[in-house]
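The values are calculated or read from the model by the stated rules, or taken from the named source; none is laboratory data. This structure is a prediction, so every number in the text was calculated from the model and none was measured. Positions of Cβ are generated from backbone atoms using ideal geometry, with glycine treated the same way; all protein chains shown enter the neighbour counts.
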């Protein structure tokens, strides 16, 4: 039997066995000649070994060809089936080696097929065979490799099952058990990177910790196992925001540094990664001691790494990130200048094809922008724009962080506009925000932030820009609110989006688009109402109707939208500062071509869902025509929108295709807020619990402040007078007479009683008015 191809041997290769020699044809060899099969097997093995030494592609091609010729002879009914199984596994390994060298997807498929056939057809491969767990582990690693190529989660699930079985079949005392557990942890972590399932990262942490427990003290792999566990804790902390996870990650990295010899080739790597863990802890705790230790370790890593080393630019970038983090805490310009010098040094030593170069350029652009905000030096903002433009140009389509980098570039142009009042800079800022907001990929919250910045700039550019920006805001809000319903998610939506729909509606009304304003207001109302009342999300409704479609959509959305490494403090949904963030860890586990495929799959899935009755508007705003059809025949509905820029009313009349727009020129947003507060005070004084009165504010503590009844009446009369003159009057002036006569209900008995008391103060309005007011609370 030839040796396993993973073994190292000094067996010489005969020149007669190299490509170009006359390889025997299948028909020329007697089918019962088992010796021929073994000879071909040996030849294939030698060719593969030569390929590993020379990386000559013709050698691996010849090896695969010869393996295919050998298998029929080894599969002869008179042959030992173990021999045929071994040949299939070795052929699978040959395909795998060619895949590693040339990246052909068909090769990894063939590798899995032949390796699996070699495992399932080998009579000696059973749960009692001591080599069986190793074969299962090899098969699992092939599935992981194909997952890295295609992004197909089924491969990861298969790998996890195979690794679990290998670990279960191996006793705790076996020397290979820690490796099997570590591989299983790695598979769970890979799945976590795509789905951001907390259960997967938790499993990975537990398995890696168990592998370390089983590793003998002093084992050479201990520093690396500890460092991997530290990385897992760090990833878990990014989801849980638990300081305990961060501290455990730092502890693991520190132990790894202590255990690895100073002269080990990976010593600098362990120093730098320990610094990263400390920097992340500092970002959470703001303890300067943590960031100082991080800088010390990362400086040492840089000093120990010789010039020209492939990892030196990475260690320099890690050090620069730590200086940037400390600057944001101390506001010390010397730290920022040091970071800029380090970024420039690393970028100068990095080839254009390096995958991390765009992020490093973006970090440098962020550092220049930060210094510009302090110094107002035009050269800094010029260099910020230059670096961020380079970063965008080098970022491939479909990359997870393309939308982030476009947003950051837009921010740099905003800084230039504020400094120079150059309209071209404003146009460039809006253009890049638009590109970011409409990216096919990228986290929806990042794109939503860009859409908001785009909307703020758009009135200075064109009316079309205004509508496009707010259209994208509403579309992204529908997407964000429709897929999750966690407590944190509801809180974020309420804090960050409660005013977006009213602002969008005001923008639409400013360009005479009442239909669009109604659509956006209704979508915002549904989102806010759903979050306040913890209602079912559209995904919950879909799950009731079609669990399979709902599950597919949820998995696709998690893969696309929940990339680890994206912190909620890296984007903002308030107007604030446009302050760019320098991400310490830029992780994009999904290659661009896979991400684009997933986007296409999700779009096709959404199209399928929207063909289902009742789901025509799934994760998108309802159309105005649909909303108008839902108006009850017995009355009209008036929607009132109060925004800082303007106040308007929309009159919805049954049978009409679009609302009537009534500008409320005499009613300002500030006046609406004043009236709301005054009404609250009056209701509190009378211990009345209305829609806008907090329950705890209507308790006994307000009884002593109860207003006299006369004062209450006078104040309420003033509020109603303003509402009548500035709000109700303009609306009634526009409502057609025939609508008032035929569609408005008669006064109630209570209204008539009020009229008898104070006829001069009564409101002549007869109808049903539903008002949606969103003033500051």
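A few notes on this one:
- Selection from the stretch 98-114 of residues that are in contact (Cβ under 8 Å) with a residue 24 or more places away in the chain and either surrounded by 24 or more Cβ atoms within 10 Å (Cβ to Cβ) or under 15 Å from residue 68 (Cβ atoms) (or both): 98, 108, 111, 114
- Of all residues making up the stretch 620-629, the number that are surrounded by fewer than 20 Cβ atoms within 10 Å (Cβ to Cβ) and within 30 Å of residue 668 (Cα to Cα): 4
- So residue 400, is it crowded, with 22+ Cβ neighbours inside 10 Å and part of a loop (DSSP other than H, G, I, E, B): yes
- Wholly enclosed helices (runs of 4 or more DSSP H) of the stretch 91-180 bearing at least 1 residues within 18 Å of residue 60 (Cβ to Cβ): 105-120, 132-150
- Residue that is surrounded by the most Cβ atoms within 10 Å (Cβ to Cβ) [pool: residues in the stretch 645-661 that are touching a residue at least 40 places away in the same chain (Cβ under 8 Å) and part of a loop (DSSP other than H, G, I, E, B)]: 659
- Subset of the stretch 299-322 [under 26 Å from the mean Cα position of the chain (by Cα) and within 21 Å of residue 370 (Cβ to Cβ)]: 317, 318, 319, 320, 321, 322
- Selection status of residue 417, in the same structural domain as residue 368 (by TED's automatic domain parsing), over 20 Å from the mean Cα position of the chain (by Cα) and buried (at least 22 other Cβ atoms within 10 Å of the Cβ): no
- Residue match in the stretch 377-391 (condition: modelled with pLDDT of 95 or more, part of a loop (DSSP other than H, G, I, E, B) and not assigned by TED's automatic domain parsing to the domain that holds residue 500): yes
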